[in-house]
Amino acid sequence: MATQVTLVAAFLLLLLILPFSTSISHSHRSAAINLFAPSPASLEDAYEALRVFEIIGFEEKKTHVSGDTCQKVLENLDSASPLKDLFYALKVNAILKCDVNREALKDIASRLKATVHDASTLLDIYYSIGGLVLIKDQDSNVDPYLADADGVFQSIKALSQSDGRWRYSSDNLESSTFAAGLAIEALAGVISLASSEIDQSKVNIVKNDIVKLFDVIEKYDDGTFYFDEKFVGGHEQRGSLAATSSVVRGFTAFAAVTSGEINLPGDKILGLAKFFLGIGTPGDAKDFFNQVESLAFLETNRISIPLILSLPETVYSLTKKGQLKVKVNTVLGSAAPPLTVKLARAFRTGAKDLAIIDSKELWYDQESGFHVLDDFPKNVEMGTYEFVFEILLHDSGSEKVYATGGQIHVPIYVTGFIEVSNAEITVVDSDLGRAQTQKKLDLAGNDAVSLSANHLQKLKFSFQLTTPNGHVFKPHQALLKLRHETKVEHIFVVGNTGKKFEIILDFLGLVEKLFYLSGRYDIELTVGDAVMENSFLRLLGHLDLDLPEAPEKAARPPSPPVDPYSRYGPKEEITHLFRVPEKRPPQNLSLIFLGLIFLPIIGFLVGLLRLGVNLKNFPGSTVPATFGILFHVGIAGVLLLYVLFWLKLDLFTTLKAFGLLGAILMFVGHRILSHLALTSAKLKSA
């Protein structure tokens, strides 16, 4: 148990080194290479790979995907292709700039316009409108504009619900958050394709729908916002990441093609960015695409661009006296506008009213791009703290462009190297309180003590823990373990008496707990804490303990624990001695026995000669002659099977073959014998 405590403390300290709320990192670049195959299975997969490489700046990787992709694009840009294939072919073409025939684009545009007016589902409208928008951006000589944009706008709006969600079709009463994102993106496409301006009142209604959709957004306690998908019937189930990504694509596209403001709080847009960044590096290609593309849309959206405050490390060591560094970037890591990072206040976790730092600006290092806090106040001790940061933009106009999130709470862990001193272990008489044996210990070294005691004595152990600032430190775990030579262990918590840790073991009161086991006990000390840089497990020495004999009804010690290695580890190798082969008979005797085996065959041949075998009665007509030949071949096959059984075949294989051969032999034998009997009967009657 003590070993586990030390390992857990070390593991927690390792976790604390992880960065806080960072933007897109280098791990995304290596993950993109592994997740996206050079030869995508579909145009949808190809577009997602190309789009991700485009966003994260892997231009050289786009050439690997584009090998056969342009050929697939040209094959799918056919008026007979499904709408989804057309849509993704045009998306891929927008990135790769394949050599597409203008006439083919005109035919596709005509088909998509007709589909928009006749479509009955949201997906058909979405793919058709999206395809027309892509054609508009790729070839200015093709007419993608809608003659009845108001009617199309209204047909999409008719699928909306009062809570901001949308339905996939008029026949389906279920509403979906994912569908809402598709619908809002399609409406943005209709506005860009309208030959005349859409009625502003209709545009304002959609803006209100977006605000309603944000009213039902989900929230975590750390300020992270996301959309949950509650629609489960009739369509593929979408998760929170896909639903949130769909909404982000929708409202950013709508904001890009409309004038005026959409009244969305900046903290919610910042919360969406935190949601995508909080995922880390997804292990699925679709999730990776949704994360990266959504962050790209948030990076350039017209409503409010989120600024991310990040710390490369959330651990400050009092021993190393380093610096606390803070960086502010956009979600994709671009530079932020001129700003100041202010540490509004800092307090120990669980003590909000006792601020250790109050209103301090961090100085900006232009070379590294970090905002730095050089020195911690002297009253900061080891432990967990909460730092509250504020981002102050220098330009007042930037406040309408960027979302900073107000006060940002960051957990900070202050660690240090603990000095262990004044360690002393003593054996004391119970009645007089006089020390029989007293020894000093250097817990930083490797020295061990050898002690002896009986049930009328006590064991007293004490030590002090001091922080780098000279204050008393109280760790989460301070345990003393006694391990008997029979592997029976007893663990005791070392208490704190103010300035030192101390434990007194009265063996007279512990005889039952120790199961009256006399003998040698190893003494181990474990001290561990998440913020302690030198948690340790140390053998102090051993104690020879003399206890009275156990009464009849005393509890027996538990069975010693089974070593897992002995139970599940490799077993002892088994050596098997085979029986010595029996002595074979002489070779001459074996040859004589072989000759005796062949005697019946020789007798059979002699008998045939004596009887005067001939083929006069062999059938002359075709069918009986065929059965006769097959009958004799079958007999020869049985004899051959005997030979094969003697040489190589096992019994079961021989029986299977004999069963099949015997059935054939029985059938043809019955037919040929019936023919011979019939022929004999005719000769006798004649």
Give the shape of region 318-389 as rounded, prolate or oblate, defined through the alpha-carbon gyration tensor: a ≥ b ≥ c are the square roots of its eigenvalues, a/c under 1.5 means rounded, and otherwise the shape is prolate if a/b is larger than b/c and oblate if not. prolate
Applied in sequence order to region 107-120, the curve 6.51 cos²θ - 1.76 cosθ + 1.60 (Karplus, θ = phi - 60°) yields integer Hz couplings, x standing for Gly and Pro, of 5, 5, 4, 4, 5, 5, 4, 5, 5, 4, 6, 9, 5, 10
Share of pairwise Cα separations in region 454-510, more than 13 Å, in percent: 67 percent
Region 194-309, dipole about Cα centre (Lys/Arg Cβ +1, Asp/Glu Cβ -1), debye to the nearest 20: 140 debye
Spin-label model distance (nm) - Ser259 vs Ser334, 7 Å beyond Cα toward Cβ: 2.5 nm
Taking 8 Å as the Cα distance limit and 6 or more residues as the minimum spacing, I'd like the relative contact order of the chain as a percentage. 10 percent
In units of 2.2 N^0.38 Å, the Cα radius of gyration of region 205-324 is 1.24
Of Leu277, Phe492, Tyr402, which is farthest along the charge dipole of the chain in the positive direction, counting Lys and Arg as +1 and Asp and Glu as -1 at C-beta? Phe492
Alpha-carbon spread of region 388-454, three principal axes, descending order, Å: 80, 28, 16
Residue (of Phe645, Phe370, Gln323) at the positive-pole extreme of the chain, dipole from beta-carbon charges: Phe645
Trypsin sites (Lys or Arg not before Pro) within region 449-546, DSSP loop, no more than 14 other Cβ atoms inside 10 Å: Lys487, Lys499, Lys513
In Å, what Kirkwood hydrodynamic radius results for region 463-606 from the alpha-carbon pair distances? 22.2 Å
For Ile574 and Asp99, extending 7 Å from Cα along the Cα-Cβ vector and measuring point to point gives, in nm, a value of 7.2 nm
With no solvent and one point on each alpha carbon, what is the Debye value of log10 I(q)/I(0) for the chain at q = 0.05, 0.06, 0.07 Å⁻¹? -0.57, -0.69, -0.77
Trypsin sites (Lys or Arg not before Pro) within region 318-421, DSSP loop, no more than 15 other Cβ atoms inside 10 Å: Lys320, Lys321, Lys352, Lys378
Coil-residue GluC sites (Glu not before Pro) of region 232-299, DSSP, other Cβ within 10 Å capped at 14: Glu236, Glu261
Globularity ratio of region 129-168, using Cα Rg and 2.2 N^0.38 Å: 1.50
Give the aspartates and glutamates whose C-alpha is closer than 18 Å to that of Lys487, dropping any in the same chain fewer than 8 places away, or say none. Glu512, Asp522, Glu524, Asp544, Asp546, Asp563
Heavy-atom accessible area of the chain with neighbours in place, 1.4 angstrom probe: carbon+sulfur share in percent works out to 56 percent
Using the Kirkwood formula over every pair of different C-alpha atoms, what hydrodynamic radius in Å results for region 29-179? 16.7 Å
Need the list of aspartates and glutamates near Lys219 for cross-linking: C-alpha distance under 12 angstrom, and skip anything on the same chain fewer than eight residues off. Asp228, Asp267
Just grab the label-to-label distance for Ser170 and Leu74, each label 7 Å out from Cα along the Cβ direction, in nm (one decimal). 4.2 nm
Could you give the length gained by full extension between Ser120 and Asp215, i.e. 0.36 nm per residue of separation minus their alpha carbon distance, to one decimal place? 31.3 nm
3J(HN,Hα) from dihedral phi, region 174-184, Karplus parametrisation 6.51/-1.76/1.60, rounded to Hz, x for glycine, proline: 6, 9, 9, 6, 4, 5, 4, x, 5, 5, 5
Under 13 Å between alpha carbons, and skipping anything fewer than 8 positions from Lys72 in its own chain: which aspartates and glutamates qualify? Glu44, Asp45, Asp85, Asp99
Determine one quarter of the surface area of the Cα convex hull of region 256-376, which equals its mean projected area, and express it in nm² to one decimal. 11.0 nm²
Along region 632-640, Karplus-curve 3J(HN,Hα) (6.51, -1.76, 1.60; θ = phi - 60°) to the nearest Hz, with x for Gly and Pro, reads 5, 5, x, 5, 4, x, 5, 4, 5
Using only the Cα atoms of region 124-257, each taken as one equal point scatterer with no solvent, compute I(q) by the Debye sum, divide by I(0), and report log10 of the ratio at q = 0.14, 0.15, 0.21 Å⁻¹. -0.62, -0.71, -1.26
Taking the square root of 5λ for each eigenvalue of the C-alpha gyration tensor of region 549-637, the equivalent ellipsoid has semi-axes, largest first and in whole angstrom, of 77, 27, 13
Helical mean residue ellipticity (222 nm; -39500 (n - 2.57) per DSSP H run of 4+; nearest 500) of the chain: -13500 deg cm²/dmol
Taking the Cα centre of the chain as origin and charging only Cβ (+1 Lys, Arg; -1 Asp, Glu), how large is the dipole, in debye to the nearest 20? 3500 debye
About its Cα centre, what dipole magnitude does region 360-436 give when the only charges are +1 on Lys and Arg Cβ and -1 on Asp and Glu Cβ, stated in debye to the nearest 20? 160 debye
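The values are calculated or read from the model by the stated rules, or taken from the named source; none is laboratory data. Bear in mind the structure is a predicted one, so any value in this text is a computation, not a measurement. Methodologically, a virtual Cβ is constructed for each residue, glycine included, from the backbone with ideal geometry; neighbour enumeration extends over all protein chains shown. Accessible surface is based on the protein model in full, side chains and every heavy atom, while ligands, DNA and RNA are left aside. Shrake-Rupley method; radii C 1.70, N 1.55, O 1.52, S 1.80 Å.
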